[in-house]
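The values are calculated or read from the model by the stated rules, or taken from the named source; none is laboratory data. These numbers were taken from a predicted model, which means no experiment stands behind them. Quick reminder, even Gly has a Cβ in these numbers, built from the backbone with ideal geometry, and neighbours come from all protein chains shown. Ligands, DNA and RNA are stripped out before the accessible areas are found, and what is left, the full protein with its side chains, is counted by its heavy atoms. Shrake-Rupley method; radii C 1.70, N 1.55, O 1.52, S 1.80 Å.
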Amino acid sequence: MCKVDTDCPEHPFKLCERHICVHKGIFPIYYKEFLGIIVITILIALANVGGIGGGGLIIPIEMAMFSFSTKEAIAISGFTIFTGSVARFIYAYKQRHPEKDATIIDYGIVIVMMPLVLVGSFVGVLANIMLPPILLSLFLTAILILLTAQSFVKGMQIYHKESLAIEKHQIEM
């Protein structure tokens with residue numbers, strides 16, 4: 001309950017409307033939000049080029065730069081991932097594979113993966129509704145640490161494999 005905007009935590013991002021603290025609208029855009037837009041754009045672009053999507057990057061940035069709660073950031077992240085997926089599909093659905101007579105999208109994998117993705121989304125939405133924000137933050141942090149470690153290990157494996165191939169090629173020459 002609030003009476004004026006300054007009663008709300010994270011003022012000026014939260015405003016008092018009808019005695020309830022709500023997140024401010026898009027305008028005016030504060031410096032911190034403008035910087036957040038630039039950071040998210042660059043990181044999501046790099047993540048998409050790397051093939052990982054970047055959904056896990058959106059949540060902490062939204063919380064830090066836009067002062068969204070954990071639950072708000074998760075919902076916005078889901079929408080961002082959805083719109084990025086739709087845009088990528090529209091761009092790629094007619095493209096052909098460079099080496100085979102097939103589309104670039106492997107619809108066989110889509111048919112196998114889609115039910116699991118839908119179940120995962122459903123479970124994620126239920127968890128977002130039922131779990132307290134601190135527990136959600138702990139789970140998200142643990143997942144990000146695990147994925148970072150896996151990415152690092154995979155990157156090192158690829159690096160060593162490529163280094164050996166380069167050495168072998170130099171020896172042969």
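Residues in the range 85-108 that are open to solvent by less than 100 Å² (accessible area, probe 1.4 Å) and either in contact with a Pro (Cβ under 9 Å, 6 or more places away or on another chain) or not aromatic (Phe, Trp, Tyr) (or both): SER85, VAL86, ALA87, ALA92, GLN95, HIS97, ALA102, THR103, ILE104, ILE105, ASP106, GLY108.
Any residue that is more than 30 Å from ILE29 (Cα to Cα) and open to solvent by 60 Å² or more (accessible area, probe 1.4 Å) - is there at least one of those in the range 65-84? No, the range 65-84 contains no residue that is more than 30 Å from ILE29 (Cα to Cα) and open to solvent by 60 Å² or more (accessible area, probe 1.4 Å). Going by the conditions given, is ILE134 open to solvent by 70 Å² or more (accessible area, probe 1.4 Å), assigned to a helix (DSSP H, G or I) and under 30 Å from GLN95 (Cα atoms)? In short, no. Just one of the listed residues (ILE111, ILE158) is of a type in the set (Val, Ile, Thr), open to solvent by 90 Å² or more (accessible area, probe 1.4 Å) and either free of Cβ contacts under 8 Å to residues at least 12 places away in the same chain or in a helix (DSSP H, G or I) (or both), and it is ILE111. Residues in the range 4-25 that are surrounded by 12 or more Cβ atoms within 10 Å (Cβ to Cβ) and in contact with a Lys or Arg (Cβ under 8 Å, 6 or more places away or on another chain): 11 in all.
Residue count for the range 77-115, restricted to those that are among the charged types (D, E, K, R) and within 25 Å of the chain's Cα centre (by Cα): 2. Within the range 19-43, residues that are on the phi > 0 side of the Ramachandran plot have Cβ atoms under 8 Å from residues that are surrounded by 11 or more Cβ atoms within 10 Å (Cβ to Cβ) in these pairs: HIS19/CYS2, counting only partners at least 6 apart in sequence or on another chain. Just a yes or no: is a residue in the range 41-52 open to solvent by less than 60 Å² (accessible area, probe 1.4 Å), modelled with pLDDT of 85 or more and assigned to a helix (DSSP H, G or I)? No - not one qualifying residue is present in the range 41-52. In the range 100-122, the residue that is farthest from ALA75 (Cα to Cα) out of those that are in contact with a strand residue (DSSP E or B) (Cβ under 8 Å, 6 or more places away or on another chain) and hydrophobic (A, V, I, L, M, F, W, C) is ALA102. Open to solvent by less than 80 Å² (accessible area, probe 1.4 Å), in contact (Cβ under 8 Å) with a residue 12 or more places away in the chain and in a helix (DSSP H, G or I), is that true of LEU147? No; evaluated as a whole, the condition is false for this residue.
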